[in-house]
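The values are calculated or read from the model by the stated rules, or taken from the named source; none is laboratory data. Computed from a predicted model, the values in this text were never measured in an experiment. Neighbour counts run over all protein chains shown; Cβ positions are idealised from the backbone, glycine included.
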Amino acid sequence: MTAKSDFTDEQWDVVLEGPTSAGMIVITAQRGGTLRETISMAKAYAEARQQHGQSELLDAIVAAKPEIDRKHAHSPEELKQTSLTHLRDAVALLQSKATPQELDEYKRFVVNLANRVASAHREHGRGEDPVSDTEKAAIAEITQALG
């Protein structure tokens, strides 16, 4: 079992930035709904906390204050590329320290969070599907960055 103590403070920040980076990619993929989508991200963390005990690593991640890269991006594209880099860095770090099962649980949490954020805001004229094409593309990029 991998624990927070297996990481330096800097490495732990990298792991914590992954999920919020995925959420920010989805939030900025489509205009509107930012408040609902942000609340949805918080709810994804709360739901993961309710599954406490299944993974020590995931328990520590969702119990910590979510980390957000505080550097200001100059464009949505720059934010997306920086966030995808955060995801790749987190996965590479977890590949070296965590078990394959813990890595899979982390990836699943990140993708579930991204899907939840995308589903939080219904755009007018989208019919039954609450997820826009741009949000679907963002989730596909997140999934690809996770490997």
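For the stretch 1-16, name all the residues that are in contact (Cβ under 8 Å) with a residue 24 or more places away in the chain and not in a helix (DSSP H, G or I).
MET1, THR2, ALA3, PHE7
With (1) modelled with pLDDT under 85; (2) over 19 Å from THR143 (Cα atoms) as the list, and PRO76 as the residue in question, which single condition is left unmet?
(2)
Matching residues to (1) under 15 Å from ASN112 (Cβ atoms); (2) modelled with pLDDT under 85; (3) touching a Gly at 6+ places or on another chain (Cβ under 7 Å); (4) not acidic (Asp, Glu):
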residue: ALA3; (1), (2), (3), (4): no, no, no, yes
residue: THR8; (1), (2), (3), (4): no, no, no, yes
residue: GLN11; (1), (2), (3), (4): no, no, no, yes
residue: GLU17; (1), (2), (3), (4): no, no, no, no
residue: THR20; (1), (2), (3), (4): yes, no, no, yes
residue: GLY23; (1), (2), (3), (4): yes, no, no, yes
residue: GLY33; (1), (2), (3), (4): no, yes, no, yes
residue: ARG36; (1), (2), (3), (4): no, yes, no, yes
residue: MET41; (1), (2), (3), (4): yes, yes, yes, yes
